[in-house]
Amino acid sequence: MSAPTRVLFVCLGNICRSPTAHGVFESLVARAGLASQVEVRSGGTVGHHAGDPPDERSQAHARARGYDLSHLRAHQVTAHDLADADLVLAMDRSNLANLERLAAVADRPKIKLFLDFAPAQPRREVPDPYYGGPAGFEEVLDLVEAASHGLLAHLRDVGRAA
Ligand code: 4NP
């Protein structure tokens, strides 16, 4: 069997948005029976929270929709992580710009906005929920679920997940 497709989700701290994307997309992939073909990772562009579990609020909102994020731990993205991934999905344009600076030139084409895979959503960026209320965490989940479905459909279209 061919090597799994490696998808890396990235936000700022890797405690809210990218762990949510990690848990939601991993769950979708598992439910589709594609766990051996798609490998999911996540990271942050900064290391302030390295080693921490996802924010309690992200975990609680995700749990209410059936996603367990408790096993995830924050990690700061390195240039090596970018070289190692097939697709790097940034939550916002600031994350995207930071990743493009970090990446080797050859790895830059792999970096995209995650919401490119949710073209029907009016937003192009997943807003940072950290300093806001519960509605922000719900919006993150809505956007992440929409883009996760679009991403899985894309991987199937390009033959990276059967
Ligand atoms: P995330 O959210 O990038 O979605 O994980 C944030 C988490 C922590 C901070 C900012 C955003 N912070 O400033 O500590």
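The values are calculated or read from the model by the stated rules, or taken from the named source; none is laboratory data. Bear in mind that the values here come from a model prediction, so they are computed numbers and not experimental data. Cβ sites come from the backbone with ideal geometry, for glycine too, and all protein chains shown count toward neighbours.
Take the conditions charged (D, E, K, R), within 16 Å of the chain's Cα centre (by Cα) and crowded, with 18+ Cβ neighbours inside 10 Å and apply them to Asp128. Does it pass?
When the stated conditions are applied, Asp128 passes them.
Looking for whichever is modelled with pLDDT under 95 and not charged (D, E, K, R) here; the options are Val105, Val140, Val144, Val158. Which one fits?
Just a single option satisfies the conditions, and that option is Val158.
Being part of a helix (DSSP H, G or I) and either charged (D, E, K, R) or without any contact (Cβ under 8 Å) to a residue 12 or more places away in the chain (or both) is the filter here; which residues of the range 126-152 pass it?
Once the filter is applied, which keeps residues that are part of a helix (DSSP H, G or I) and either charged (D, E, K, R) or without any contact (Cβ under 8 Å) to a residue 12 or more places away in the chain (or both), the range 126-152 yields Ala135, Gly136, Glu138, Glu139, Asp142, Glu145.
Answer yes if at least one residue in the range 63-72 is touching a Phe, Trp or Tyr at 6+ places or on another chain (Cβ under 7 Å) and touching a residue at least 40 places away in the same chain (Cβ under 8 Å), and no otherwise.
no
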